[in-house]
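Written out below as structure tokens is the structure these notes cover.
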Amino acid sequence: MNILLVGAGLSGAVIGRQLAEAGHDCRIIDSRPHIGGNCHTQRDPETGVMLHLYGPHIFHTDDEGVWAYVNRHADFVPFQNRVKTTSQGAVYSLPVNLHTINQFFGTTLRPDEARAFIESKADNSIADPETFEEQALRFVGPELYEAFFKGYTEKQWGCSPRELPASILKRLPVRFNYDDNYFFHRFQGMPRDGYTAMIEDILDHPRITVELETSYDPAMADDADHVFWSGPLDGFFGYSLGRLGYRTLDFERFTYQGDYQGCAVMNYGDRDVPWTRITEHKHFSPWESHEGSPCYREYSREAGPKDIPYYPIRLVEEKSLLTQYIDLARSQEKVTFVGRLGTYRYLDMDVTIREALDTAGVFLGAEKAGTAVPAFVNSPQ
């Protein structure tokens, strides 16, 4: 069969490779001048540092199959993301852990003591938190909320934490030990030569062709037996019902000679600091040595029509519009919507790869059974 995959990021690459290995001809197009989507990495011509051009990506997973898959296509080096935050004139470790608690409150609490102490700070009158703010006040209390979550969240999402669902904060753990590893998964690492090299290896198959700086034209589908769409869900329909909301990021680069901040990621929790964080990219490759150090201040704002979409907003208005687009997508034939943009969800890299592998499996199973491939293997809702 002739398969058209729109988008040369992780979703398109992994699905394309699986189908190519099964004997299908896969044409992958991307409007950007490079593969990899927002995972794209490249060497900085000024300093030689490996840059994560669209913000840092750290690979972490508990999925053994996905870990084995990426290690077939790249040499992964162990890497743990140890995030710091500047708040109220001091530097602390994130996620909030026993060191953070003791430093912030000027105490020397043991784990059980710290657990009881934080519980005493919590607002136990909030039985079922519905908003981000209620979730924070219920589980960490007002002081930690104000210092580490409120200002950062207002900058990241452009609205009050009272307007955000509690589910956003459930991804941020509080630890009652001294573990400052930002992630908790068994497998964590970085591809030694960057993500773009890994995706190049995935795409290296005689049945795969890649065309960059090529925008999708609906007429392309006429020559394809099936289309996998990893672009924006609303974009497939020409935004005919309106645009789904996203946050985007602006990056302000500066170069430092030496070590600027001593860590890869420094958050800024105070509301009066306009950026959300500074990333120092040579720390994402600690096995390398570079004197020059490219750093990026990161600013979050609402995405406009010409901006790169990063984080789906998914508040009430967007969810209502999303339902309409889902119904429209399910009325299509021979099109499957995949990935972060195609399903309007925030996805980590490991989940993106797992879903791509599963989607390819569903397609091959449907082909064998002579049944239709669904518009969504993974529901956006």
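Some observations on this one:
- Among (1) outside any helix (DSSP H, G or I); (2) surrounded by 20 or more Cβ atoms within 10 Å (Cβ to Cβ); (3) in the same structural domain as Ala114 (by TED's automatic domain parsing) - the single one Thr153 does not satisfy: (1)
- Any hit, segment 262-276, residues being of a type in the set (A, V, I, L, M, F, W, C), surrounded by 13 or more Cβ atoms within 10 Å (Cβ to Cβ), free of Cβ contacts under 8 Å to residues at least 40 places away in the same chain and in a strand (DSSP E or B): no
- From Thr359, Thr336, residue being in the same structural domain as Arg72 (by TED's automatic domain parsing), in a strand (DSSP E or B), under 27 Å from Asp63 (Cα atoms) and touching a residue at least 60 places away in the same chain (Cβ under 8 Å): Thr336
- Contacts under 6 angstrom Cβ, first residue in segment 342-355 being over 18 Å from Val66 (Cα atoms), partner among the aliphatic types (A, V, I, L, M) and in a loop (DSSP other than H, G, I, E, B), 6 or more apart: Tyr344/Leu244
- Of everything in segment 225-245 that is of a type in the set (A, V, I, L, M, F, W, C) and surrounded by 15 or more Cβ atoms within 10 Å (Cβ to Cβ), the residue that is farthest from Glu333 (Cα to Cα) is Leu244.
- Against the criterion of being more than 17 Å from Cys39 (Cα to Cα) and free of Cβ contacts under 8 Å to residues at least 24 places away in the same chain, Ser289 qualifies.
- Each residue in segment 217-259 was checked for being touching a residue at least 12 places away in the same chain (Cβ under 8 Å), under 30 Å from Phe363 (Cα atoms), among the aliphatic types (A, V, I, L, M) and not in a loop (DSSP other than H, G, I, E, B), and 4 of them qualify.
- Boolean, Thr248 is modelled with pLDDT of 95 or more, closer than 28 Å to Cys159 by Cα, β-branched (Val, Ile, Thr) and crowded, with 17+ Cβ neighbours inside 10 Å: no
- Selected residue (criterion: nearest to the chain's Cα centre (by Cα)) from residues of segment 167-185 that are under 18 Å from Thr85 (Cα atoms) and of a type in the set (D, E, K, R): Arg171
- When Glu119 is tested against (1) farther than 30 Å from Ala360 by Cα; (2) at pLDDT 95 or above, only condition (2) is not met.
- Counted residues, segment 134-166 - those being without any contact (Cβ under 8 Å) to a residue 24 or more places away in the chain and within 18 Å of the chain's Cα centre (by Cα): 1
- Subset of segment 1-18 (residues that are in contact with a Cys (Cβ under 7 Å, 6 or more places away or on another chain), crowded, with 24+ Cβ neighbours inside 10 Å and assigned to a strand (DSSP E or B)): Leu5
- Condition check for Ala147 on (1) of a type in the set (A, V, I, L, M, F, W, C); (2) crowded, with 19+ Cβ neighbours inside 10 Å; (3) at pLDDT below 95; (4) farther than 21 Å from Thr248 by Cα: one failure, at (3).
- Leading residue by the ranking (surrounded by the most Cβ atoms within 10 Å (Cβ to Cβ)) among those in segment 103-127 that are more than 22 Å from Leu169 (Cβ to Cβ) and of a type outside the set (A, V, I, L, M, F, W, C): Glu113
- Restricted to segment 42-131, the set of helices (runs of 4 or more DSSP H) holding at least 3 residues that are closer than 21 Å to Phe148 by Cα and touching a helix residue (DSSP H, G or I) at 6+ places or on another chain (Cβ under 7 Å) comprises 98-105, 111-121.
- Residue list for segment 338-372, restricted to those being surrounded by 20 or more Cβ atoms within 10 Å (Cβ to Cβ), more than 25 Å from Ala303 (Cα to Cα) and not charged (D, E, K, R): Ile353, Ala356, Thr359, Ala360, Phe363
- Residue tally, condition assigned to a helix (DSSP H, G or I) and under 27 Å from Thr153 (Cβ atoms), over segment 301-324: 8
The values are calculated or read from the model by the stated rules, or taken from the named source; none is laboratory data. All of these numbers come straight from a predicted model, not from anything done at the bench. Ideal geometry is used to build each Cβ from the backbone, glycine not excepted, and the neighbour counts take in all protein chains shown.
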